[in-house]
Amino acid sequence: MPRVNTVAELEVLQRAIAAERQGQRVTIGLCGGTGCLAAESVKVNQAFRDEIARRGIEDRIAFRMTGCRGFCECGPVVEVRPQEVFHVRVKPEDAAEVLDGILADKPVERLLYTHPVTEERIVHTNDIPFYKRQQRLVFRHSGLVDPTDIRDYLALGGYSALAKALSEMTPEQVIAEVEKSGLRGRGGGGFPTGRKWRSTRESRREPKYVICNADEGDPGAFMDRSLLEGDPHCVVEGMIIGAYAIGAAHGVVYVRQEYPLAVKNLTIALQQAREYGFLGQNILGSGFGFDIRISRGGGAFVCGESSALIASIEGKPGEPRAKHTHMAESGLWERPTCLNNVETWGNVPLIIERGADWYASIGTKRSTGTKVFSIVGKINNTGLVEVPMGVTLRDMIFEMGGGIPGGKRFKAVQTGGPSGGCLPESALDLPVDFDTLAEAGAMMGSGGMIVMDEDTCMVDVAKYFLNFLRDESCGKCTACREGTEAMYQIVTEICAGRGRQEHIAWLEELGQAVKDASMCALGTTSANPVLSTVRYFRDEYEAHIRDHRCPARVCKALITFRIIPERCKACLLCNRNCPTGAVSGGKKKPQAIDQAKCIKCGACRDVCKFEAVEVQ
């Protein structure tokens, strides 16, 4: 691989790669993200490669396995460019038919996306509602490039922003541009990125470090993982620019061990960046030197917190520390450190390349740019969306997300991961930005959104997330350790039908105390699921306590399964599938449930074809 020694050499190389690929009229991109890999896209990949080789059309069709396209619900997905024809749920046996369609310029109808309401088959990617309102900036390359081939990244202008920063801008100018852009940290806190960079640069201690936080631990969140899997070079380029601005020579990507594909693709990207001269000494002839290493975390949720993350990198237990001094003064190895998450670093090349004014024109005044969200739960279109800040929750859930499956009613959405808040239907028209979500009792967090329907018990939701948070608390400070446990025990009592009226006030008081007294962000936000559900769904708490009733019919202690004799057809399916033998009754006779034996698993209701099993 040729080492690129100057900006001029980079420009020559980029033009050469682009010219080399001009002869290939068509490019097929198969999603190779973790979601599509789980749907056997590896077999689809092999089928396409074999068929292209068999036909001898390598010079006419370029095939590559790319990063995540976001539409996980429809994977494996295949996009044909430049026509932008989008195929869904592609199987290995479909490869030949897709190639036939490309050569005949006729899409394969049965593999096109079908609108769930109109039943219209949609050919082009950007006409699909899931993509129509998106503005893919951070994920602009994911789905286009092979993440294991740096030449794909260079062909699309990769490392041009780095060249511009090193050859045309001083470190001060780079920081000023990031400040002017309004970029705020995408890891959850929303702290102004430029201000963090400036504080680190102004520290006089050496050496300085930059860290990429890829310890994405929120249930249902996979934005950072997907970006590292699909376009690792944009993160690497952003880190190099940040290091130049700050004056750092060393960088670390802290990524959880559970992300093997992200680690693999990032390792390849770092090695290729070194071979091409983008990492190491005298980068692009500028005299600036910088390198990055990977540090793997063991999966502790608390290590997403900055001081716990640093302790883990240093080989110490992953516990937060009191922040008497800012990380800009004393971070990794007690030296000035700048830490941003994956998505934040991925924004940096865009800002330097296209300018702060362009970036600040997207989104809202106090929340500029785009944000990537994972939308999961009770929703038709599970996946990743990248939208300008300020888009409403309604647009995200009902337009891009496709609404609630089975015609069910929307009930709530939790934003910001396990420490986020649950917002009701009345909040659907709120704009999604840092400040509005915080005022509503939720938070942006890293961008996880869990959608819930009418069959969700909000008290049970609070219990679920409290259970997660009490297990993930490091236990170092009393407020978090004892407070989350106490809240969990109270909510458990309410779900078990043993709740008392004063429990609601206790939860509010405890939640505020934990929020005020905890050392790190895990503790200060751990009460959000409780406080937000009490705020917006107090009636459900009241029903559990006063009426001994779970309105959503979820809490087992407060529900009873019963077979309606008039509806029962005596098919015996419930009888045969009951794991405890609680269902009895002979042939041609209505079945009945012995409540003493019933464990309320719902198996009888799941198998009944006549809706004869009701939950009271």
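Scanning the range 69-90 for residues that are part of a loop (DSSP other than H, G, I, E, B), open to solvent by less than 10 Å² (accessible area, probe 1.4 Å) and either charged (D, E, K, R) or more than 14 Å from Leu112 (Cβ to Cβ) (or both) returns Gly70, Pro76.
Per-residue answers, yes or no, for (1) of a type in the set (A, V, I, L, M); (2) surrounded by 13 or more Cβ atoms within 10 Å (Cβ to Cβ); (3) not in a loop (DSSP other than H, G, I, E, B):
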position	(1), (2), (3)
Pro551	no, yes, no
Arg562	no, yes, yes
Cys571	no, yes, no
Cys574	no, yes, yes
Lys587	no, no, no
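Taken together, the residues in the range 2-43 that are over 24 Å from Pro107 (Cα atoms), open to solvent by 60 Å² or more (accessible area, probe 1.4 Å) and touching a Lys or Arg at 6+ places or on another chain (Cβ under 9 Å) amount to 2. Hey, could you check the range 159-191 for residues that are touching an Asp or Glu at 6+ places or on another chain (Cβ under 8 Å) and at pLDDT below 95 and say which is farthest from Gly346 (Cα to Cα)? Among those residues, the one meeting the criterion is Gly187. Against the numbered list (1) in contact with a Pro (Cβ under 8 Å, 6 or more places away or on another chain); (2) assigned to a loop (DSSP other than H, G, I, E, B), Asp59 comes up short only at (1). If you scan the range 383-412, which residues turn out to be under 17 Å from Ser446 (Cβ atoms) and either within 15 Å of the chain's Cα centre (by Cα) or aromatic (Phe, Trp, Tyr) (or both)? Across the range 383-412, the qualifying residues are Gly383, Leu384, Val385, Glu386, Val387, Met396. Failed condition for Thr27, given (1) in a helix (DSSP H, G or I); (2) under 21 Å from Asp149 (Cα atoms); (3) over 25 Å from the mean Cα position of the chain (by Cα), with all others met? Among (1) in a helix (DSSP H, G or I); (2) under 21 Å from Asp149 (Cα atoms); (3) over 25 Å from the mean Cα position of the chain (by Cα), the lone unmet condition for Thr27 is (1).
Evaluate the following for Gly406: is it surrounded by fewer than 22 Cβ atoms within 10 Å (Cβ to Cβ) and over 30 Å from Tyr488 (Cα atoms)? When the stated conditions are applied, Gly406 passes them.
Scanning for something among the acidic types (Asp, Glu) and either at positive phi or surrounded by fewer than 20 Cβ atoms within 10 Å (Cβ to Cβ) (or both), does the range 300-308 turn up at least one residue? Quick ask: steps written out before the conclusion?
Here is the first cut: in the range 300-308, the residues among the acidic types (Asp, Glu) are 305.
Narrowing the set further to residues that are either at positive phi or surrounded by fewer than 20 Cβ atoms within 10 Å (Cβ to Cβ) (or both) leaves none.
There is no residue in the range 300-308 that is among the acidic types (Asp, Glu) and either at positive phi or surrounded by fewer than 20 Cβ atoms within 10 Å (Cβ to Cβ) (or both).
Here's the yes/no breakdown for (1) at pLDDT 95 or above; (2) open to solvent by 10 Å² or more (accessible area, probe 1.4 Å):
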position	(1), (2)
Val348	yes, no
Arg354	yes, yes
Ile362	yes, yes
Lys365	no, yes
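Only helices (runs of 4 or more DSSP H) whose full extent lies in the range 133-211 are considered here, and the ones with at least 3 residues that are among the basic types (Lys, Arg) and open to solvent by 50 Å² or more (accessible area, probe 1.4 Å) are 193-202.
Among the residues of the range 230-258, the one identified as out of contact with any strand residue (DSSP E or B) (no Cβ under 7 Å at 6 or more places or on another chain) and modelled with pLDDT under 95 is Glu258.
Does the range 267-287 contain at least one residue that is open to solvent by 20 Å² or more (accessible area, probe 1.4 Å) and more than 22 Å from Pro2 (Cα to Cα)? Among the residues of the range 267-287, not one is open to solvent by 20 Å² or more (accessible area, probe 1.4 Å) and more than 22 Å from Pro2 (Cα to Cα), which makes the answer no.
If the condition is being open to solvent by 50 Å² or more (accessible area, probe 1.4 Å) and assigned to a helix (DSSP H, G or I), then the range 91-111 contributes Glu93, Glu97, Asp100, Leu103, Glu109, Arg110.
For the range 455-482: of the residues being in a loop (DSSP other than H, G, I, E, B) and of a type outside the set (Ser, Thr, Tyr), which is most open to solvent (accessible area, probe 1.4 Å)?
Applying the first criterion (in a loop (DSSP other than H, G, I, E, B)) to the range 455-482 yields 455-457, 473-477.
From what is left, the residues that are of a type outside the set (Ser, Thr, Tyr) are 455, 457, 474-477.
Details: Asp455: 58, Cys457: 3, Cys474: 50, Gly475: 23, Lys476: 98, Cys477: 27 Å².
Among them, the one singled out is Lys476.
Quick check on Ser526: is it farther than 21 Å from Gly383 by Cα, among the small types (Gly, Ala, Ser), in contact with a Lys or Arg (Cβ under 9 Å, 6 or more places away or on another chain) and open to solvent by less than 10 Å² (accessible area, probe 1.4 Å)? So Ser526 passes the test.
The values are calculated or read from the model by the stated rules, or taken from the named source; none is laboratory data. Note that this is a predicted model, so its numbers are computed, not measured. Here Cβ is always computed from backbone atoms with ideal geometry, including for glycine, and neighbour counts include all displayed protein chains. Just so you know, the surface numbers come from the protein's heavy atoms only, side chains and all, with ligands and any DNA or RNA stripped out. Shrake-Rupley method; radii C 1.70, N 1.55, O 1.52, S 1.80 Å.
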